[in-house]
Amino acid sequence: MRGIRIWAELLGLKQAVVEDVDLDEEAGVLVVSARVPKRAKDRCGRCRRRCRRFDEGRGQRRWRALDLGSIRAFVQAPAPRVRCREHGVVVAAVPWARHDAGHTYAFEEQVAWLAVHTSRSAVAQLMRVAWRTVGVIVQRVAAAGMAGVDRFAGLRRIGVDEISYKRGHKYLTVVVDHDTKRLVWAGPGRDKETLAGFFDQLGDERSA
């Protein structure tokens, strides 16, 4: 039993019940069979409310987990569907991954951290995922991190600048908070209309 718990810790699995670990030598991958704890079962994948079971979905599903050295690892578990009053029939939530994601929380957090510190192509090569997958993961992690956060709260002094990308052919207007040293807004373009989009979101009261 202690060995099973160690596997969960190594792979960064949160609230997962690990039942078996198998090395697929032919494919060169480690497959960890897991299940959702009873207290977390039959919850909507979007809002996490407890719902009534709809069906068994498409059966077993796999999520990419953190590599173990040179070996790719996957979490395998049933993926039933539930009927949510708000979101309809959806795949039930699992505590180790975001809804509609094919990777565990730990895997996505590592990809996002690496993307901040190195190039996307380097991250793709290191983590053995597609170049576009890195971008999708970064968007998902950033959206989760900003959920419920008011970036405009307490703004007093701002700085506005522009940056170019796509070999200098496209521009972004960026707004930073001078007090917190954080980026609070960015929009495509570099004209008056672009900046007006920021003040529209900020609102008349805060702009004053």
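The values are calculated or read from the model by the stated rules, or taken from the named source; none is laboratory data. None of the values given here were measured: they were computed from a predicted structure. Glycine also receives a Cβ, built like all others from the backbone with ideal geometry; neighbour counts cover every protein chain displayed. Ligands, DNA and RNA are excluded from the accessible area calculation, which covers all protein heavy atoms including side chains. Shrake-Rupley method; radii C 1.70, N 1.55, O 1.52, S 1.80 Å.
If N is the number of residues in the stretch 13-150, what value comes out of its Cα radius of gyration divided by 2.2 N^0.38 Å?
Details: Rg = 15.8 Å, N = 138, 2.2 N^0.38 = 14.3 Å.
So the Cα radius of gyration is 1.11 times the expected 2.2 N^0.38 Å.
Ignoring ligands, DNA and RNA, what percent of the accessible area of the chain is carbon or sulfur (1.4 Å)?
Working: 6710 of 13640 Å².
That fraction is 49 percent.
For the stretch 90-96, in order, what is each residue's ³J(HN,Hα) by Karplus, 6.51 cos²θ - 1.76 cosθ + 1.60 with θ = phi - 60°, in whole Hz (x at glycine and Pro)?
Per-residue couplings from phi come out as 9, 5, 5, 5, 10, x, 9 Hz.
Counting Lys and Arg as +1 and Asp and Glu as -1, each charge on the Cβ, what is the dipole of the stretch 49-122 about the Cα centre in debye, to the nearest 20?
400 debye
Please list Met146, Met127 from largest to smallest accessible area, probe radius 1.4 Å, with all protein chains kept in place.
Met146, Met127
His87's amide H: which non-local residues (gap 5+, or another chain) put their own amide H closer than 5 Å, with H modeled 1.01 Å from N in plane and none for Pro or chain starts?
Amide H neighbours of His87, under 5 Å, 5+ apart: none.
Can you give me the solvent accessible area of Glu25 with a 1.4 Å probe, rounded to the nearest 10 Å²?
Accessible area, nearest 10 Å²: 150 Å².
Only helical DSSP H runs with n ≥ 4 go in: add -39500 (n - 2.57) per run for the chain, normalise by residue count and round the 222 nm mean residue ellipticity to 500 deg cm²/dmol.
Details: 6 runs with 61 residues, N = 208.
Value at 222 nm, helices only: -8500 deg cm²/dmol.
In terms of solvent-accessible area of protein heavy atoms at a 1.4 angstrom probe, what is the ranking of Lys181, Lys41, highest value first?
Lys181, Lys41
How high is the relative contact order of the stretch 1-121, in percent, counting Cα pairs under 8 Å that sit 6 or more residues apart?
For the stretch 1-121, the relative contact order is 24 percent.
Taking all protein chains together and a probe of 1.4 Å, list Ser121, Ser70 from the most accessible to the least accessible.
Listed by decreasing accessible area, they come as Ser70, Ser121.
Where Rh denotes the Kirkwood radius from the mean inverse Cα pair distance, what is Rg over Rh for the stretch 1-77?
With Rg and the Kirkwood Rh in hand, the quotient comes to 1.01.
Could you tell me which residue out of Gly197, Thr180, Ala147 lies farthest along the dipole of the chain toward its positive end? Charges go on the beta carbon: Lys and Arg +1, Asp and Glu -1, centred on the Cα centre.
Ala147
Counting only pairs 8 or more places apart or on different chains, how many lysine pairs in the chain have C-alpha atoms closer than 28 Å?
Numbers: Lys14/Lys38; Lys14/Lys41; Lys166/Lys181; Lys166/Lys192; Lys170/Lys181; Lys170/Lys192; Lys181/Lys192.
For the chain, qualifying lysine pairs total 7.
Using unit Cβ charges (K, R positive; D, E negative) and no other charged atoms, how large, in debye to the nearest 20, is the dipole of the stretch 1-137 about its Cα centre?
960 debye
Give me, ordered by chain and number, the residues 5 or more places off Arg61 or on other chains with an amide H under 5 Å from its own placed amide H.
Amide H neighbours of Arg61, under 5 Å, 5+ apart: Ala77, Ala79.
How many times 2.2 N^0.38 Å is the alpha carbon radius of gyration of the stretch 123-186?
Values: Rg = 15.2 Å, N = 64, 2.2 N^0.38 = 10.7 Å.
So the Cα radius of gyration is 1.42 times the expected 2.2 N^0.38 Å.
Of the beta bridges DSSP finds with both residues in the chain, what % are antiparallel, to the nearest 5?
On the way: 38 of 44 bridges.
Rounded to the nearest five, the antiparallel share is 85 percent.
Nearest 10 degrees, 0 to 90: what angle lies between the long axis of helix 192-202 and the longest principal axis of the chain (Cα atoms)?
60 degrees
With the other protein chains left in place, how much accessible area per residue, in square angstrom, belongs to the stretch 46-152 at a 1.4 angstrom probe?
Each residue of the stretch 46-152 exposes 59 Å² on average to a 1.4 Å probe.
Taking the Cα centre of the stretch 49-206 as the origin, how large is its charge dipole in debye, to the nearest 20, when only Lys and Arg (+1) and Asp and Glu (-1) carry charge on their Cβ atoms?
780 debye
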